[in-house]
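Chemist: Supplied in C-alpha cells, the structure appears directly below.
The values are calculated or read from the model by the stated rules, or taken from the named source; none is laboratory data. None of the values given here were measured: they were computed from a predicted structure. Cβ coordinates were reconstructed from backbone atoms using ideal geometry, including for glycine residues, and neighbour counts include every protein chain displayed. Just the protein is used for accessible areas: all its heavy atoms, side chains included, with ligands, DNA and RNA removed. Shrake-Rupley method; radii C 1.70, N 1.55, O 1.52, S 1.80 Å.
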Amino acid sequence: MLRLIGTRLATSVITLFLAAFFVFFAVQALPGDVAEQLLGQNATEEAVATMREQLGLDANVWVRFAEWLGGAVTGDFGTSLVSGESVSGTLWTAFSHTLLIAVPAIVVGIGLSLVLGVWAGSRRGTSTDSGISIIALVAMSIPEFVVATVLILLLAIIAPIFPAVVLGGPGASLSELLPAIVLPAITLVIAMAAYIIRAMRSSTIDGLATEYATTAELKGLTRRRVLWRHVAPSAILPVLPVISINVAWLLGGVVVVESVFNYPGLGKLMIDSVSTRDLPILQAIAVLSALVYVSVNLIADLLALAADPRQRTLHSSQRRSRSSKEATA
Amino acid sequence: MIRLRDLTVGTRVGLTLVGLTVVIAVLAPWLAPYDPIATDADNALAGSSWSHWLGTDQYGRDVLSRTIEGGRFALLVSLVATTAAVVVGTLIGAIAAYYGRWVDAATTRVLDAVLAVPAVLALLLIVSVFGNSLWVLVLAISVVYVPAVARVVRGATRPVLSTGYVTAARARGERSLPIIRREVLPNILDTILVEFAMRASWVVLLVSTLSFLGFGVNPPTPDWGLMIQENRTALTVAPAGTLAPIVTLSLLVVGLNLAADGLGKYLGVDRARRGVI
C-alpha cells in the first residue's frame, strides 16, 4: 500500500518535471529571443548582444534550464517582460481570482451533476432520464463562449441582475469582484456538469445491475435506500477520473470564460501574455497549470485507493473491467 | 460493416445533422444569396426582410450568406486536424502498448506531461508565433489531441495483445509492424472510430473558440466563432447575427455528439464513462 502511494508520488514528480522541461524548451525554440522581444525590431546588433549578456542569455541552455527550474521550485519565476513586476506576484493574484470563480463552480457543479446523474441512471428509459440526457448532450455541445453570451443577454442585459463584465483590472478588490463571479461560475458549472452527469448515469446503471444491489433489494430495503445508500457511493468511484479531469481543466483553462467576462484571472492573464509575448509569465502559467493537473489527478487516484481496496492489488483493473462489461450488456 | 437500419433514431438524427452541414458547407458558394464579405454601409444592422432573410451585420454584410459560408473553414480544419491526431495518436498508442516495458513507460510519462500543459496555452502560443494559416492550426490542434488519443488506443490495444491470434502471429515469426497492422489495428477499429467522432466534436468547438478569441480565421472571412464575437455587441439590436451562427454551430456539434454516442453504443464502446480525456 505504502509502496503503491510512493510509486504514484514519484510518477507525479517525474510528470511535472517533464512538463516543465517541455515548456522551457518549447519556449526556447520559438523564433526570436527575449532580448530581441524587449528591444523591438529596430534594435542594433550591439544593443541586442548587450541585452543578452545582461539577461544571462549567453549561458548554456542547460545551465539556464537548471537555474529557471531552481527558481521555479522556490516559487521564483523571474520578472515580467512587460510590467517588470515579479511573475509570482502577478500569477498569485490572478490565480486567487480564478479560484474565486472555480471553487464555487467545482463544488456546485460536482454536487449537482452527481445527483442528476444518479437520478437519471435510476430512472433509465423514463422521460426524466431522456430529459436529463438530452440537456447534458446539448450542454456539452454548446461552446462556453455561447453559454456566456446567452447568460449575459438574459441576466445582465434583459434582466440586469449581475454585471456583464468586470471593469476593474487585475487590481480589482474583492467587493468589486464578488457580484461578478456569479455568471462566470454558472458558465463553468454548465460546461463541466455534462460530462460528470453522463459518467455518473452510466455508472449508476452498472451499480443497479450488481449482485449487492439485488441482495439489498431482496432483503426488503426501499428502492430509495438501495439507490442512495448502497449503489451511489460505490458508483462514484469510476466517475472520479472524469471529475478530476474536469477540475484540472477548469483550473487550468478558464481562458474563454474569463475573456468573455473580462475577469482578471489566470485565463485572462494567459491571453494578455500571449498577445504581448510575455514569456516568463506564460512559462509560469504552464507550470502552475501542470502542477494543478498533476495534483488533482494524484488526489483522485489516492481517493480511489482509499475507497476501493480492489485497486490496491495489481490485477484489479482486469477484474473491474470484466464485471463492468457484464453489467452494460 | 455498419448497417443504417440497426442505428438508433438519435444516431440517424446526428448523422443527418452532420451530413447536412457538410453538404451546405461544400455547396456554400452556390447557395449563398450574397457575397459574404461585401459590405453595404447604408444597410448596416438591418432586421430581417425579403432581401436579407436574417438581416445584416454592423458592416451591412448579409447574415444568411455569412452563416451558410461560415462552416467551411471550421469543418475543413476539424476534418484534417482530427484525422491527423487520430492517425498519429493511434500509431503511438499501439506501438507503446505493443513494445511494452520501458518504451511503454517512457511514452506514458511523456504523454502525461504533455497533457498536463494546458491545451489552450499551447495553441494560442503556436498560433501567435507561426500565424493562423490552415496548416499551423491543423498542426497545433493535432499536437494537442495526439496524447489523449494515444492514451485511449494504448488502453484498447493491451487486451488485444494477449489474445490467441496475436500469440499465433508471433509464433509464426511475423514481425512487429505487420502484427500491429494486420492483427491489432482491425480489432481496435471500433475504439478508433468512436474516438474519431468524439474528437471531431471537440475540435469543432476548439476551432470556433480560437476564432472567437481572435486567434482563428482572419476577420473578413465568414466563420461562426468569429461571427459570434463580432456581432454579440449588437445582440439586442440585431440578434439574428449572433443567434444564427450559434444555432448552426450547436446543431453541428449536437449532431457529432449524437453520432459519436450512437456509434459507440453500436460498436460496444461506452463513451459516457470516459469524460474528456
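Chemist: Among the residues of segment B:121-138 satisfying the criterion of being assigned to a helix (DSSP H, G or I), open to solvent by 20 Å² or more (accessible area, probe 1.4 Å) and in contact (Cβ under 8 Å) with a residue 24 or more places away in the chain, which is nearest to the other protein chains (Cβ to nearest Cβ)?
Modeler: B:Ser128
Chemist: For segment B:213-231, which residues satisfy the criterion of being farther than 15 Å from B:Leu249 by Cα and without any contact (Cβ under 8 Å) to a residue 24 or more places away in the chain?
Modeler: Hits for segment B:213-231 are B:Gly214, B:Pro219.
Chemist: Condition first: part of a helix (DSSP H, G or I), more than 8 Å from chain B (Cβ to nearest Cβ), open to solvent by 20 Å² or more (accessible area, probe 1.4 Å) and not small (Gly, Ala, Ser). Now tell me which residues in segment A:230-242 satisfy that.
Modeler: A:His230, A:Pro233, A:Leu237, A:Leu240
Chemist: In this structure, is A:Val274 at pLDDT below 85, of a type in the set (Val, Ile, Thr) and assigned to a helix (DSSP H, G or I)?
Modeler: Yes, satisfied.
Chemist: Let me ask you something else. Looking at B:Val254, B:Val269, B:Val247, which is the one that is open to solvent by 40 Å² or more (accessible area, probe 1.4 Å) and either more than 10 Å from chain A (Cβ to nearest Cβ) or at pLDDT 80 or above (or both)?
Modeler: Answer to the selection: B:Val247.
Chemist: On to the next question. Taking the stated definitions as given, is B:Val184 part of a helix (DSSP H, G or I), under 21 Å from B:Val103 (Cα atoms), in contact (Cβ under 8 Å) with a residue 12 or more places away in the chain and open to solvent by less than 70 Å² (accessible area, probe 1.4 Å)?
Modeler: Working: part of a helix (DSSP H, G or I): yes; under 21 Å from B:Val103 (Cα atoms): yes; in contact (Cβ under 8 Å) with a residue 12 or more places away in the chain: yes; open to solvent by less than 70 Å² (accessible area, probe 1.4 Å): yes.
Here the answer is yes, as B:Val184 does meet what is asked.
Chemist: Could you please let me know if A:Ala209 is open to solvent by 20 Å² or more (accessible area, probe 1.4 Å) and more than 13 Å from chain B (Cβ to nearest Cβ)?
Modeler: The answer is yes for A:Ala209.
Chemist: Can you tell me how many residues within segment A:126-149 are facing chain B (nearest Cβ under 8 Å) and either open to solvent by 40 Å² or more (accessible area, probe 1.4 Å) or touching a Phe, Trp or Tyr at 6+ places or on another chain (Cβ under 6 Å) (or both)?
Modeler: 4
Chemist: Considering segment B:214-266 alone, what residues qualify as being touching a Lys or Arg at 6+ places or on another chain (Cβ under 9 Å) and basic (Lys, Arg)?
Modeler: Of everything in segment B:214-266, just one residue is touching a Lys or Arg at 6+ places or on another chain (Cβ under 9 Å) and basic (Lys, Arg), namely B:Lys265.
Chemist: Anything in segment A:115-125 that is open to solvent by 30 Å² or more (accessible area, probe 1.4 Å) and touching a helix residue (DSSP H, G or I) at 6+ places or on another chain (Cβ under 9 Å)? List them, or say none.
Modeler: Hits for segment A:115-125 are A:Val115, A:Leu116, A:Trp119, A:Arg123, A:Arg124.
Chemist: Restricting to segment B:213-244, give me the number of residues that are of a type in the set (Val, Ile, Thr), at the interface with chain A (Cβ under 9 Å from one of its Cβ atoms) and not in a helix (DSSP H, G or I).
Modeler: Of the residues in segment B:213-244, 1 are of a type in the set (Val, Ile, Thr), at the interface with chain A (Cβ under 9 Å from one of its Cβ atoms) and not in a helix (DSSP H, G or I).
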